[in-house]
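Enquirer: Pasting a structure here, questions to come.
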Amino acid sequence: MQLHSAVALICATVSLFVIAGAEDPYRFFNWNVTYGDIFPLGVRQTGILINGQFPGPDIHSVTNDNLIINVFNSLNEPFLLSWNGVQNRRNSYEDGVYGTTCPIPPGKNFTYILQVKDQIGSFYYFPSLGFHKAAGGFGGIRILSRPRIPVPFPDPAGDYTVLIGDWYKANHTDLRAQLDSGRKLPFPDGILINGRGPGGASFNVEQGKTYRLRISNVGLQNSLNFRIQNHKLKLVEVEGTHTLQTTYSSIDLHLGQSMSVLFTADQPAQDYYIVVSSRFTNPVLTSTATLRYSNSAGPVSGPPPGGPTIQVDWSLNQARSIRTNLTASGPRPNPQGSYHYGLINTTRTIRLANSAGQVNGKQRYAVNSVSFVPADTPLKLADFFKIDGVYRIGSISDNPTGGGIYLDTSVMNSDYRSFIEIVFQNDEDIVQSWHLDGYSFFVVGMDGGQWTAASRNGYNLRDAVSRCTTQVYPKSWTAIYVALDNVGMWNLRSEYWARQYLGQQFYLRVFTTSTSLRDEYPIPKNALLCGRASGRRTRPL
C-alpha cells in the first residue's frame, strides 16, 4: 500500500511537471513595486514604480515560454497585476484581477506562474485594483514567434514599445476618492508617451531602415490617434494577429488596445514629431515625442501635424479595414485562416448594453442594468472551495433589461467549448471599449444604430481580425464571435477605467464538469487565500 501511494505521488509529480511546460524555456523576473515621485506633466505626483521604473520594465518572451514573475508589494495597500491579452490558458487563477486572484498584501510577495501558450504579439500589463492604473505600474509585453515560425515581414532594425495614454495630475488616491464619493472624474490633464509629457520621449533611427513600434493605449478614458510627421505607418499585427499590411497616415487606438506598425526612416535626415491626440473630445489633448535620425541635420520644425478629431466615420472605416492576413502563420506553422470561424454555427447570442446612472445618489455604470460590486472572496476561489453565497450564477441577463441600474456581483455562466456571438450595444454618446480576459475573439461586425438579427447579413465571416479588445462607437454596435475553449472565470470589462471601477464589468464563467488536467490546471500551490477562503489549503502537492 505504501509503495502504491509512493508510485501515485511520483506519477502526480511528473504529470504536474509536464503540465508546467518543462520542455519550454523559463524566464524569471523579480519585481519590487513601490511608490515614488514622478513629474510626467511638470508637477510632482505619486507614481507606482516597478524596480524604480515608470513605466515598468518590458517583458520579452517567445511563444510557449514560462514566465515566473515574483512581485513584492512594497505599497501600503493591496496590489495585483493583470496581463492584458495574455490568455493564461486553463489557468484563470493567475489572471490577476480580483475575481480570480487574492490581492498581494502590503509587505508580502506573490509569484505569478504564466505560460504564453500558443501566443504571439504585443500586449501590456497593468495594476488592476483600486485606481492604481492612474499611478502607473504598467509596462509592455511582447511575445515573439519561435525561430522556425515565419513572420510575414523582414526583421526590423529596431523594435520599440510605445505606451500612450491620457493622464491626470492628481494622485490616484484623490481620483479614487472622487469616484468613491459618487462623483465623475474631470477631463484628463494631458497625454503621456512612455511615461513622459509633451516633448519628453524620443526614438532614435537610422536613415533608410525600417522599425517596429508596439503601441498600446494604457490610458483611462480616451481613444487616441497616433501619427509620425511625414512618415507612413504600415499595420502588421493587432493583439496577436498578423494583419493585412495596410498603410495609414495615422491610426486610432481605443482604450486597452495594442497594435504593431512598421515605418521606414525614408525622409530627409532631421528630427520629426511623433504625435498622439485624443479622439472625439472637446478640447483635443495633444502630446508629442521626437523621432530622431542618427544623422539629423536639425530639430523638429513647424507645428505638429494635425489628425482626425471628432470624425466617427473615419475611425469606423479604418477599423473595418483591419483584416487578418489569412496566409501568415500565427504562433504555430499553420496559416491564421485555417480556422474557418465563419462556417461554425453559434449556439448562443449575448447582447450587452452599457449604461450610466445614479444608485443611492452616487454615480454608477452598468452592463445590462447590473453594476458589478466585488464579493468578499475571489469568485474563482469560491468555485474551487465550493463556498456558497459569494455570487449567483445567472446574476446578469443575456439581454438588456431596460430597467434601472442595480448592484450585484454579476456572473454569467457559459458552457465549455460552445461557440457564441456577443453583441455590444452602445446607446450612449461616448466611445466604449470592451476587453475579455482569457480569449481572442473575431470582430465580425460594427455599425451605427441598433443591432438586429438582420445585421448579421453584413458580418465579415472570412478574415475578421482576432483580438481581445474592441471598440463600440457612439450610438452603435459591435459584434464578436468567440469559441469558449478556455475553462475559467474570466473578466469582461469596460476599459474606460472609471466605468470599470464603478461597475461596468462582469465575469464569464466558462464551466465544465470535467476535472481533467487537460481542461483546467489545479489551483496553484502558492495561491493566496483571502475572504471566506482564508485558512483553507490549496492542494497537497
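The values are calculated or read from the model by the stated rules, or taken from the named source; none is laboratory data. Small disclaimer: the values here were computed from a predicted structure and weren't measured. When we count neighbours, we look across all protein chains shown, and the Cβ atoms used for this are built from the backbone with ideal geometry, even at glycine. What goes into the accessible areas is simple: the full protein's heavy atoms, side chains included, and nothing from ligands, DNA or RNA. Shrake-Rupley method; radii C 1.70, N 1.55, O 1.52, S 1.80 Å.
Enquirer: Can you flag which of LYS184/LYS475; LYS117/LYS475; LYS108/LYS133; LYS380/LYS525; LYS184/LYS234 are past 26 Å Cα-Cα?
Expert: Going by Cα-Cα distance, LYS117/LYS475; LYS184/LYS234 fall outside the 26 Å limit.
Enquirer: Using the Karplus curve 6.51 cos²θ - 1.76 cosθ + 1.60 with θ = phi - 60°, what ³J(HN,Hα) values do you get for each residue of the range 507-515, in whole Hz, with x for Gly and Pro?
Expert: After applying 6.51 cos²θ - 1.76 cosθ + 1.60, I find 10, 9, 8, 8, 10, 9, 7, 5, 10 Hz.
Enquirer: Two decimals, Cα atoms only, Kirkwood Rh: what is Rg/Rh over the range 122-172?
Expert: So for the range 122-172, dividing Rg by the Kirkwood Rh gives 1.14.
Enquirer: In whole Å, what is the distance between the alpha-carbon centres of the range 160-221 and the range 451-509?
Expert: The range 160-221 and the range 451-509 have Cα centres spaced 24 Å from each other.
Enquirer: Which three semi-axes in whole Å describe the equivalent ellipsoid of the range 445-541, each the square root of 5 times a Cα gyration tensor eigenvalue, listed largest first?
Expert: Numbers: eigenvalues 258, 76, 21 Å².
Value: 36, 19, 10 Å, ordered largest first.
Enquirer: Let me ask something additional. Explain nothing, just compute: Karplus ³J(HN,Hα) = 6.51 cos²θ - 1.76 cosθ + 1.60, θ = phi - 60°, for every residue of the range 342-347 in order, whole Hz, x for Gly and Pro.
Expert: My calculation for the range 342-347 gives x, 9, 9, 6, 6, 9 Hz in order.
Enquirer: As a test of the definition: which semi-axes, in Å, follow for the chain when you take the square root of five times each eigenvalue of its alpha carbon gyration tensor? Largest first, please.
Expert: Equivalent ellipsoid of the chain: 35, 27, 26 Å, largest first.
Enquirer: Which distance in Å, rounded to a whole number, links the C-alpha centroids of the range 83-114 and the range 26-45?
Expert: Value for the Cα centre distance between the two parts: 19 Å.
Enquirer: Here is a follow-up. Using R₀ = 45 Å, calculate the FRET efficiency as 1/(1 + (r/R₀)^6) where r is the Cβ-Cβ separation of ASN413 and THR286; round to 0.05.
Expert: Using R0 = 45 Å, I get an efficiency of 0.50.
Enquirer: Over all alpha-carbon pairs in the range 40-87, figure out the percentage whose distance exceeds 16 Å. Mind showing how you got there, number by number?
Expert: Working: 622 of 1128 pairs.
Tail of P(r) above 16 Å: 55 percent of Cα pairs.
Enquirer: Here's another thing I want to ask about it. Of ILE405, ILE310, ILE149, which has the most accessible area with a 1.4 Å probe, and how do the rest follow in descending order?
Expert: Largest accessible area first, the list is ILE310, ILE405, ILE149.
Enquirer: Can you send over the carbon and sulfur percentage of the accessible area for the chain, probe radius 1.4 Å, protein chains only?
Expert: Details: 10930 of 21040 Å².
Roughly 52 percent, rounded to a whole number.
Enquirer: Mean 1/r over all different Cα pairs, inverted: what Kirkwood radius does the range 216-264 give, in Å? Write down the numbers at each step before the final one.
Expert: Numbers: mean 1/r = 0.0890 Å⁻¹.
One decimal place: 11.2 Å for the Kirkwood radius.
Enquirer: While we're here: In the chain, with Lys and Arg counted as +1 and Asp and Glu as -1 at Cβ, which of these residues, GLN318, PRO57, GLY306, has the Cα nearest the positive end of the dipole, that is, farthest along it?
Expert: PRO57
Enquirer: Kirkwood-based Rg over Rh for the range 26-144 (C-alpha set), two decimals?
Expert: Using Cα coordinates only, the ratio equals 0.96.
Enquirer: 5 Å is the cut-off here: which amide hydrogens, built 1.01 Å from N in the peptide plane, fall below it relative to PHE153, excluding neighbours closer than 5 in sequence?
Expert: Counting only residues 5 or more places away or on other chains, the set is empty.
Enquirer: Using only Cα atoms, figure out Rg for the range 158-321 and give it as a multiple of 2.2 N^0.38 Å.
Expert: Details: Rg = 16.4 Å, N = 164, 2.2 N^0.38 = 15.3 Å.
Working it through for the range 158-321, the quotient is 1.07.
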